[in-house]
Amino acid sequence: MSQSKRRLARREVLGLLAAVPAVFSSRSALAQEPIKVGGIFPLTGGNSVFGNQNFQGVETAIELVNDRGGVKGRKIQLFKGDGNSPQAAISETNRLASREGVRIFVGSSTSAVGMVASQEAERNGAFYWEGMAVANNYTERDFKNVFRMGLSAAGLGEPAPLYAAEVLAPMLKIDSKNLKVAVVAEDSAFGVDVSRAVIAQAEKLGIKIGLRELYSAKTTDLSPLVLKLRSLDPDMIIATQFINDAILFQRQMKEMNYSPKAFVGTSAGHSTLSLAEAIGKDVNGIFSSSFPLDANLNSLSAEARADREAFLKRYEAKYKVAPAVQESLGFVVGIALARDILGNATSDSASDLREASLKVDVPVGSYINGWGLKFDDKGQNRRAFGSVVQWQDQKMISVYPAANKVHDPIMVPLPARNAR
Amino acid sequence: MKPVRSPLTGLLLPVAGFAVLAALPLIFSDAFFVAAVTLAFLGAAASLAWNLSGGYAGQLSLGHAAFYGLGAYVSTILFLKAGISPLIGMWLGAIVSAALAVFLGAITMRLKGSFFVMSTLAFGAVVHISAINLRDLTGGPSGLAIPLRPSPENLIFAKKLIYTYVALVLVIVFYAITRMIAASKIGYALVAFRENHDAARALGIRTLPLRIGVFALSAGLISICGTVHAQYYLYVDPDSVMGLNLSLNFALMAIVGGLGTAYGPIVGALLVSVVSVVMQAYLGDQISGLTQLAYAAIVILVLLVAPTGLGPSAHAFLKRRMTWLS
Amino acid sequence: MDIYIQLALSGLFIGGVYALISVGLTLVFGVLRVVNFAHGEYLTIAMYLTYFMFQRVGIDPFVASIAVVPLMFVLGLATERLLIRPTLEAPHVVQVFVTFALSLFLQNLLLALFTSDFRSVRTPYATAAFQIGPLYVSWLRAAVFVVALAFAGGLAAFLKYTYMGSAIRATAQDRRSARLVGINVDRVYAVTFALGCALVGAAGILLSPLFSVNPYTGADMILVSFVIVVLGGMGSIAGAVTAGLLIGVVESFTGYLAGGELKQLVYFVLFMIVLAVRPNGLFGRKGAEVMDVT
Amino acid sequence: MLRVRDLSVRFGDVQAVEQLSFDVAAGQIVGLVGSNGAGKTTTLSAISALVRNRSGSIELDGKDISRLAPHQIVEQGLIHVPEGRRLFPFMSVLENLEIGAYGKAARGKRKQQLEFIFDLLPRLAERRNQLAGTLSGGEQQMCAIGRGLMSCPRLLMLDEPTLGLAPMLVEEVFRLVKTIRDQGVPILIIEQQVVHVLETADYAYVLESGRGTMQGLGATLLQDDGLRRAYLGI
């Protein structure tokens, strides 16, 4: 429903009510004001794929909380702000703040938007709840009321080498010290930061990095890269890619009849259904280290299990597809904000929300993706971790870490192209 | 292009206009409005700078975001790595931009119409890509975050209203510079050149040094806007301070308001900002893309109906009405 | 050595696609003197049309071209009539910004209609390849290359051997004289613009099995075309084809020898150098680009 | 044949042509003379509809052509050979001539017309495959007139055909003009070479600042003292 329509309707209703003031005005005074939350996501423009996915997750969480009776009896009203650029992030944050009276924000899918929207919120004295932006310097800005529940780029990149060393190397029968890895990434903030984290972690584990190659996600031809990889012949590729370049890369590897023994993506392009839609069964066997999709039911609290069921049902009913990683992340971020921050704060002022955030102590396994919630002094959640999924039968299946594992990995090493 | 020298349009009208602009954020003080006005002022200042070269000299540059971004980066890098105040850094940024503009101008100023446009487009892309790849200096695509340490010396203010007035000061200063240049011999030479290259040459006007000079001035001024942008957004990354869209927007504001007029960029910036913000507010909620769709449609309509810009078209319309009435 | 041949081959293949996209752009520029910033969106539209024909009706992209190319031609006619013709006499900036706003308009129209999800045409032959000695050749890429060159050749023949083609060339060289020999210049503009759209539409169809499409696909691909058009000499078909192939090969080698992140930088720098040294491009006619240097 | 009445053209604040009236009768060479900026070229452009902001009536054989588009005027057989030749520089001489016969009426007669022109202007035949942009000034003028003739004109309008040509070539152009008239195509010619035109033209009009100031037989005007003082410095 649109803002303008809603406002008009309210005005008409108020006009009617003027005739019978006594009864209704006393009732409306008693009614609880909703808690207003503004979502700042890129809903249009180049990054809107993830923005919309994240927003849908958050929205589903808020609807669920409301249907369960809201927060201490108060409903949450979620406003949409289209932060399609840093400029738009500023004006949308301010619009929601001053026109809709929003003092609580959630965001933001890309770091460029999150960085700007959160500083704007901070200066407005509002509370900012970051779920998706991964820039490492995000929490290094001395902000008081900005908290990041989700992962940093470092957190996002680390599981890939860990998984390679712990699980894949033994399966490939290679000592992890002798494992040769090529790191491939698109050259925006996402690719650069995450691939840097991958390399740092790999070096800690003694894994050799044979190649680190960056390219623009807008590229139309990745065959030079495939050729480079073929002549280098690494055991494993760890790739940080967006959607179309991930698809292109897989297709061109196939064209050139090339395959490493294992392929590990890091989120984004490898954790989205578009990949399976584009390359069909060739997707099988690809790993993706990313925000967790789901978790092993045994490792979840009862509440999280109920949430999981409700989320899947609602999401599928509304969008006719199963939620993937970004939607799932949106849901976790929304549920945590509503239940564990708003639910435990004395009021919904920024300072009380800050207080509640600093005090919050939710054990691991309390959210559908296995996360918990505990902030360090910079406002970074310490109980968020990355996980690894694998495409099996054209579906994403969680395989790592143990708490999230639903199924064993398959196709290690990757069979020859004609045998898949 | 006839210069009007009546006291009304010469001084009184602009002073009154700026007084109204200055009063706006005080009268309508909600944060949304103030933020919109601040962005509009900053856009107006940048567009005024662009207009010096793009409007008066007719050098349609689509690479000015490079200079804007340079201003943002130079001052921010100096501030973060050497603790130099942006108040100093912005001048250094302006000098770097102006120097680069002289270099670019020397190469491209002899190119005609579309060729010049394309060369500036490519220049913008080169600078943008360089900023992405010079990771040690620029932080690469992740950009540079500036900590919130309010102090006038840092050009960081806790109260955002101050930015509104900083931007307004830029607008007034750039407007004055534009008026001075337009009224000078340089202005006449540029306009003569823009209107008719051959005629200007026939009159013996040597415009190349003038055009390069104005191009450099334009680059320097717009880079100061970049510094202010950095200190307001507290975040600088290649896409948001050097993107092609930015260049297009600077030009668009001037074109919508009235290319090659001193007031045009201000009118254009206010209109463009108001339209986009209002649409965002009322349409942004529904289907993704609807806001920008409507925005683009409005731009197209304006260009079709008033190809010389809304300011001059309104002026011509009023003039027709006046003569008809009298 | 093998690897260099393979690189050159990949470069030529992608260069063929660049060429086809750029040919339409350069044709429109040469005749109407309009830089069409919305050119990329026509590519996107053609890719969407192909996708929906494939997805909903099951028509193969190569077959779909029979319907898509004429549709794109008609779309081009409509655009020219509604937006380009009214601004032809307007200042140069107005044309630039009308097409820029049109690009924004179309992107968001597609976004509103189809969301920003990536859509892929998945044909069985998309990744099929054959091997010659140590070289891998993708059937599809090779076919795309051949068809792209055939389209460019067909266009050249059309321009050379038909009345309309002569009229288009004449209008490009001197629109005033074209009017005086009885050419309906307005019609030439309409046909040229529509041809440009049809050609980029053909490119979109050919790209469909190779690339996923979302509303921003065309915008991402078009930047390189601007470079190619200037490099080849604005308005020159042969120049666009040569420069397209050249850029493809340069990209390929830069990607291998220097790294993918420098691909764009290299060709933009190349572009600046060409503008500085030989501003009329490789094949451009002298005098079109330079004005008095005083 | 061509009848122009009260033709006026404005460019913004400038009145380029004002209330100009003249006629070209069948079989005539009619000259339009005047100094630089008198409005001669504007007049021709207005007749061939290159300039649209005009008023007044233009009739060809009694038919109003003032509302037609340029290419429709060409179809009517009113051909304008522009100032400065304006050939298609990157087409060969042959292509330039052939495109002269672009109009539907002329297409059918292309072959025979081409033969006629090569007969008339043998030098063009020699250079048929050369790019038009590389021809000498005189050759370009011949080619431009040839291109005009390719359209099967019923009336030919020549704009400064001798501009920048050597005296010998000027003679040649005027000989050609007479030949064309003798073939039955009337000609409206504008020129700064006042003496030549007046000697050649059957009838002439004098333009000053967009107005017609004098008219008469070429030979008569040549004797006019005022005109001689103004244009010939005598």
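Among the residues examined, B:LYS112 qualifies as within 9 Å of another protein chain (Cβ to nearest Cβ) and either of a type in the set (Asp, Glu) or free of Cβ contacts under 8 Å to residues at least 12 places away in the same chain (or both). Residues in segment B:131-161 that are within 7 Å of another protein chain (Cβ to nearest Cβ) and among the hydroxyl-bearing types (Ser, Thr, Tyr): B:SER142 alone.
Checked against the criterion of being open to solvent by 10 Å² or more (accessible area, probe 1.4 Å) and more than 13 Å from the chain's Cα centre (by Cα), the candidates C:TYR48, C:TYR4 yield just one match: C:TYR4. So, of the residues in segment A:157-182 that are out of contact with any Pro (no Cβ under 9 Å at 6 or more places or on another chain) and open to solvent by less than 30 Å² (accessible area, probe 1.4 Å), which turns out to be nearest to the other protein chains (Cβ to nearest Cβ)? Filtering first and then ranking leaves A:GLY157.
For segment B:144-181, taking the residues that are without any contact (Cβ under 8 Å) to a residue 24 or more places away in the chain, closer than 19 Å to A:GLN119 by Cα and not basic (Lys, Arg), the one that is most open to solvent (accessible area, probe 1.4 Å) is identified as B:PRO152. Of the residues screened, C:ALA202 is one that is more than 14 Å from chain D (Cβ to nearest Cβ), in a helix (DSSP H, G or I) and of a type in the set (A, V, I, L, M). Can you find a residue in segment A:194-209 that is in contact with a Pro (Cβ under 9 Å, 6 or more places away or on another chain) and within 14 Å of chain C (Cβ to nearest Cβ)? Checked segment A:194-209: no residue is in contact with a Pro (Cβ under 9 Å, 6 or more places away or on another chain) and within 14 Å of chain C (Cβ to nearest Cβ). Output the qualifying pairs, or none if there are none: Cβ atoms under 6 angstrom, residues six or more apart or on different chains, first residue in segment B:204-218 and of a type in the set (Gly, Ala, Ser), second residue crowded, with 18+ Cβ neighbours inside 10 Å. Partner pairs satisfying both residue conditions: B:ALA216/B:ALA98; B:ALA216/B:ALA101; B:SER218/B:ALA49; B:SER218/B:LEU52; B:SER218/B:SER53.
Please verify whether A:GLY69 is at pLDDT 90 or above and in a helix (DSSP H, G or I), treating the condition exactly as stated. It is false that A:GLY69 is at pLDDT 90 or above and in a helix (DSSP H, G or I).
Inspect segment C:90-97 for any residue being open to solvent by 40 Å² or more (accessible area, probe 1.4 Å), modelled with pLDDT under 90 and more than 30 Å from A:ASN418 (Cα to Cα) and give the result as yes or no. Yes, segment C:90-97 has at least one match. Under the condition of being farther than 12 Å from D:PRO161 by Cβ and more than 8 Å from chain C (Cβ to nearest Cβ), which residue from segment D:73-85 is nearest to the chain's Cα centre (by Cα)? Out of the qualifying residues, it is D:LEU78. Look at segment D:80-112 and say how many of its residues are in contact with a Leu (Cβ under 8 Å, 6 or more places away or on another chain) and among the polar types (S, T, N, Q). Count: 2.
Step by step: first the residues of segment B:250-272, then only those that are of a type outside the set (A, V, I, L, M) and surrounded by fewer than 24 Cβ atoms within 10 Å (Cβ to Cβ), then the one that is farthest from the other protein chains (Cβ to nearest Cβ). Which residue is that?
Within segment B:250-272, the match that is farthest from the other protein chains (Cβ to nearest Cβ) is B:TYR263.
Here D:PHE116 qualifies as assigned to a helix (DSSP H, G or I) and open to solvent by 40 Å² or more (accessible area, probe 1.4 Å). Looking only at segment D:63-101, which residues are in a loop (DSSP other than H, G, I, E, B), open to solvent by 10 Å² or more (accessible area, probe 1.4 Å) and within 24 Å of D:THR179 (Cα to Cα)? Listed by number, the residues that qualify are D:GLN76, D:GLU83, D:GLY84, D:ARG85, D:ARG86, D:LEU87. For segment C:72-89, the set of residues classified as open to solvent by 60 Å² or more (accessible area, probe 1.4 Å) and outside any helix (DSSP H, G or I) consists of C:GLU89 only.
Among the candidates C:VAL224, C:VAL230, the residue that is within 12 Å of chain A (Cβ to nearest Cβ), assigned to a helix (DSSP H, G or I), touching a helix residue (DSSP H, G or I) at 6+ places or on another chain (Cβ under 7 Å) and of a type outside the set (Phe, Trp, Tyr) is uniquely C:VAL224. The number of residues in segment A:101-144 that are open to solvent by 10 Å² or more (accessible area, probe 1.4 Å) and within 11 Å of chain B (Cβ to nearest Cβ) comes to 16.
Sort through D:MET142, D:MET168 and tell me the only one that's without any contact (Cβ under 8 Å) to a residue 40 or more places away in the chain, assigned to a helix (DSSP H, G or I) and open to solvent by 30 Å² or more (accessible area, probe 1.4 Å).
Values: D:MET142 fails: open to solvent by 30 Å² or more (accessible area, probe 1.4 Å).
Unique residue meeting the criteria: D:MET168.
For A:LEU329, the criteria (1) in contact (Cβ under 8 Å) with a residue 24 or more places away in the chain; (2) in a helix (DSSP H, G or I); (3) closer than 21 Å to A:VAL102 by Cα hold in every case but one, which is (3). Filtered by the rule that a residue be within 25 Å of the chain's Cα centre (by Cα) and open to solvent by 70 Å² or more (accessible area, probe 1.4 Å), segment A:388-420 gives A:ASP393, A:GLN394, A:LYS395, A:ALA402, A:LYS405, A:VAL406, A:HIS407, A:ASP408. Taking (1) assigned to a helix (DSSP H, G or I); (2) at pLDDT below 90; (3) open to solvent by less than 10 Å² (accessible area, probe 1.4 Å) in turn, C:PRO209 satisfies each apart from (1). Looking only at segment C:89-116, count every residue that is more than 7 Å from chain B (Cβ to nearest Cβ) and under 22 Å from the mean Cα position of the chain (by Cα) and tell me the total. Number satisfying all stated conditions: 6. Is there a residue being open to solvent by less than 10 Å² (accessible area, probe 1.4 Å), in the same structural domain as A:PRO42 (by TED's automatic domain parsing) and part of a helix (DSSP H, G or I) anywhere in segment A:289-304? Yes, segment A:289-304 has at least one match.
Assess whether D:LEU50 counts as being facing another protein chain (nearest Cβ under 9 Å) and assigned to a loop (DSSP other than H, G, I, E, B). Here the answer is yes, as D:LEU50 does meet what is asked.
Matching residues to (1) in contact (Cβ under 8 Å) with a residue 24 or more places away in the chain; (2) touching a Phe, Trp or Tyr at 6+ places or on another chain (Cβ under 8 Å); (3) outside the structural domain of A:ALA133 (by TED's automatic domain parsing); (4) not β-branched (Val, Ile, Thr):
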{"position": "A:GLY269", "(1), (2), (3), (4)": "yes, yes, yes, yes"}
{"position": "A:VAL283", "(1), (2), (3), (4)": "yes, yes, yes, no"}
{"position": "A:LEU312", "(1), (2), (3), (4)": "no, no, no, yes"}
{"position": "A:ALA324", "(1), (2), (3), (4)": "yes, no, no, yes"}
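Candidates A:LEU312, A:LEU373: the one that is closer than 30 Å to A:ILE410 by Cβ and under 18 Å from the mean Cα position of the chain (by Cα) is A:LEU312.
For A:GLY38, state whether it is modelled with pLDDT of 85 or more, closer than 27 Å to B:ASN245 by Cβ and not in a loop (DSSP other than H, G, I, E, B). So A:GLY38 fits the description; yes. In the condition set (1) open to solvent by less than 10 Å² (accessible area, probe 1.4 Å); (2) modelled with pLDDT under 90, C:TYR189 is compliant with all but (2).
The values are calculated or read from the model by the stated rules, or taken from the named source; none is laboratory data. Predicted, not measured: the structure shown is a model, and the values here were computed from it. Backbone-built Cβ (ideal geometry, glycine too); neighbour counts: all protein chains shown. Ligands, DNA and RNA are stripped out before the accessible areas are found, and what is left, the full protein with its side chains, is counted by its heavy atoms. Shrake-Rupley method; radii C 1.70, N 1.55, O 1.52, S 1.80 Å.
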